[in-house]
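S.K.: To start, I am sharing the structure in question, which I have written as structure tokens.
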Amino acid sequence: MILVAGATGRVGSLVVDLLRQQGRAVRALCRSEVKSKPLREAGVEITLGDLTDRRALVAACEGVRTIFSAVTSLNPRALNQSYRPETVEEQGHRDLLEAARDAGVDQIIYLSAIGVDHPAAPRQFQVKRRVEEVVQSCGIPYTILRPSGFMENLLTVLPPIRRFGVAPLPGKGTTPITYIAGKDVARVAVLAIGHPEAKGATIEFGGPEDLSNRQCVQIVARVLDRSARICPIPFPVLHLAAGVARLWSPALREFFAILHFVDRYGLRAPRRPPFPDKLWAPSSFEAFVRRQTGRVGVDR
Ligand SMILES: NC(=O)c1ccc[n+]([C@@H]2O[C@H](COP(=O)([O-])OP(=O)(O)OC[C@H]3O[C@@H](n4cnc5c(N)ncnc54)[C@H](OP(=O)(O)O)[C@@H]3O)[C@@H](O)[C@H]2O)c1
């Protein structure tokens, strides 16, 4: 039995899909009954509960051999939610691993991110680094996955390019990011299950190319057959807006801090295969955009 924590999220749900396609038994830790419904219908066992609920964690780990966690307390699509990464992610994973140890789990795969050990890492990244340390010292064979930025982050530029021919970009948008598609991140997570080279490994990986956000905008414009004027939004403006909005959007400040960090330092990952013995042909950004927009053509 494989436990997926964060199974209703972007990568977690893709991991569940891949595991179900392989006919593997999957349990999902879900905090929302409504969101868990499609998973249940797809044959996934559900443990309802939050990462901060120790009793739910004990129940979720029973009979489990592998745990994959993609839980994050910062969801850019729900910035109005409370933001307590030290309580949710750090303490939550500590409790999850304690329950996992008691249940005899034999592999924990934690989805972290490139950049978490950078000296200027923002709070969310620092918390992820501390979760990595918890994972590394928990006594269970572990795998830490550190992907670069997800291609899906760029989908926000599609509507303004389509409608107005403009692309608002935070900051300069010139630093390189080895963007990777969520489905490729999920593939790596599934390949890591039981792989001998995954044991005790921290694996940094990304897609096939280093691209700046400006280059990504040009690719989107080309695929949509539109022109796109880039409108840079200066970070002081974004930070001011986050200060004003902090009551209704507690996580906005942190979200902008991450964008600022990435705009300054980039997110470059090695472009070698995460596992040399496995086929690895990650999607290019253009192919990703073509799939997302239904304009499937030549993958350049
Ligand atoms: N976006 C990027 O560019 C990027 C790059 C590298 C690494 N990463 C990392 O990759 C991981 C996965 O990202 P993603 O985009 O798949 O995240 P996501 O879509 O936001 O999914 C997060 C998942 O965590 C769950 N969750 C949140 N708080 C929880 C709690 N207290 N208890 C139990 N579950 C909880 C969410 O459940 P609900 O559905 O109920 O909210 C959801 O299933 C994250 O750790 C992220 O930091 C992201």
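Each reported figure results from applying straightforward, stated rules to the coordinates on display, with no laboratory input. Quick caveat, the model's predicted, so the values are computed rather than measured. Quick reminder, even Gly has a Cβ in these numbers, built from the backbone with ideal geometry, and neighbours come from all protein chains shown.
S.K.: Take segment 3-68, drop everything but the C-alpha atoms, weight them equally and run the Debye formula without solvent; then report log10 I(q)/I(0) at 0.19, 0.25, 0.29 Å⁻¹ to two decimals.
M.R.: -0.63, -1.11, -1.45
S.K.: Right, another one. Counting only helical runs of four or more DSSP H residues, what would the 222 nm mean residue ellipticity of the chain come to if each run contributes -39,500 (n - 2.57) and the total is spread over all its residues?
M.R.: Counting only the DSSP helices, I get -12000 deg cm²/dmol.
S.K.: Which links in K35/K172; K37/K199; K35/K183; K128/K199; K183/K278 stretch past 26 Å when you go from one Cα to the other?
M.R.: Where the Cα-Cα span goes over 26 Å, the pairs concerned are K35/K172; K37/K199.
S.K.: Using +1 on the beta carbon of Lys and Arg, -1 on that of Asp and Glu, and nothing else charged, what's the dipole of segment 142-238 about the Cα centre, debye to 20?
M.R.: It comes to approximately 380 debye.
S.K.: If packing is taken as the average number of other Cβ atoms within 10 Å across a peptide's residues, how do 271-277, 86-92 rank, most packed first?
M.R.: 86-92, 271-277
S.K.: Apply the Karplus parameterisation 6.51 cos²θ - 1.76 cosθ + 1.60, with θ equal to phi minus 60°, to every residue of segment 55-61 and state each ³J(HN,Hα) to the nearest whole Hz, in sequence, with x for glycine and proline.
M.R.: Listing the rounded values in order: 5, 5, 5, 4, 5, 5, 8 Hz.
S.K.: Go ahead and run the numbers for FRET between L158 and R54, Cβ-Cβ distance against an R0 of 35 Å, rounding to 0.05.
M.R.: It comes out at approximately 0.25.
S.K.: Counting just the Cα atoms, what span does the chain cover along each of its three principal axes? Round to the nearest Å and put the largest first.
M.R.: For the chain, the Cα extents along the three principal axes come out at 56, 45, 38 Å.
S.K.: Could you tell me the largest-minus-smallest coordinate of the C-alpha atoms of segment 1-125 on each of the three principal axes, in descending order and whole angstroms?
M.R.: Result for segment 1-125: principal-axis Cα extents of 42, 31, 26 Å.
S.K.: What does the charge dipole of the chain about its Cα centre add up to, to the nearest 20 debye, if the Cβ of each Lys and Arg holds +1 and the Cβ of each Asp and Glu holds -1?
M.R.: Here the size comes out at about 1000 debye.
S.K.: Still on this model: Work out the length of the dipole vector of segment 140-194 about its Cα centre, built from +1 on the beta-carbon of each Lys and Arg and -1 on the beta-carbon of each Asp and Glu, and round it to the nearest 20 debye.
M.R.: Rounded to the nearest 20 debye, it is 140 debye.
S.K.: Another one. Rounded, prolate or oblate, given the Cα gyration tensor of segment 228-267, with a/c below 1.5 counting as rounded?
M.R.: oblate
S.K.: For segment 281-295, what does the Karplus curve 6.51 cos²θ - 1.76 cosθ + 1.60, with θ = phi - 60°, yield as ³J(HN,Hα) per residue in whole Hz, taken in order and with x for Gly and Pro?
M.R.: Values, residue by residue: 9, x, 5, 6, 5, 4, 4, 4, 5, 4, 5, 5, 9, x, 9 Hz.
S.K.: Here is a follow-up. Out of all Cα-Cα pairs in segment 143-298, roughly what percent, to the nearest whole number, are more than 22 Å apart?
M.R.: So the portion of pairs separated by more than 22 Å is 49 percent.
S.K.: Pulled fully out, how much extra length does the chain show between A241 and T293, if you take 0.36 nm times their separation in residues and subtract their Cα-Cα distance?
M.R.: My answer for the length gained is 15.6 nm.
S.K.: Rounded to the nearest 5, what % of DSSP beta bridges with both residues in the chain are antiparallel?
M.R.: 5
S.K.: Taking +1 at the Cβ of each Lys and Arg and -1 at the Cβ of each Asp and Glu, which of P122, I108, A59 sits farthest along the dipole of segment 56-135 towards its positive end, judged by Cα position relative to the Cα centre?
M.R.: P122
S.K.: Moving on. At R222 and L279, where each label point lies 7 Å from the Cα along Cα→Cβ, what is the point-to-point distance in nanometres?
M.R.: It is 2.6 nm.
S.K.: Could you state the per residue volume, in Å³, of the convex hull enclosing the Cα atoms of segment 89-134?
M.R.: Cα convex hull per residue, to the nearest whole number: 61 Å³.
S.K.: Further, regarding this structure: In segment 182-229, with Lys and Arg counted as +1 and Asp and Glu as -1 at Cβ, which of these residues, V190, L211, A228, has the Cα nearest the positive end of the dipole, that is, farthest along it?
M.R.: Selected residue: A228.
S.K.: Please give me the summed charge of the neighbours of V190: other residues whose Cβ is under 13 Å from its Cβ, Lys and Arg +1, Asp and Glu -1.
M.R.: Around V190, the charge tally is +3.
S.K.: In addition: Under the rule of at least 5 residues apart or a separate chain, name every residue whose amide H is placed under 5 Å from the amide H of V166.
M.R.: Under 5 Å from the amide H of V166 lie the amide H atoms of I161, R229, each far enough along the sequence or on another chain.
S.K.: How high is the relative contact order of the chain, in percent, with contacts defined as C-alpha pairs under 8 Å that are six or more residues apart?
M.R.: About 18 percent, as a whole number.
S.K.: Over all directions, average the projected area of the Cα convex hull of segment 84-199 and note it in nm².
M.R.: 9.2
S.K.: What whole-number distance in Å separates the alpha-carbon centres of segment 109-176 and segment 233-271?
M.R.: For segment 109-176 versus segment 233-271, the Cα centre distance is 12 Å.
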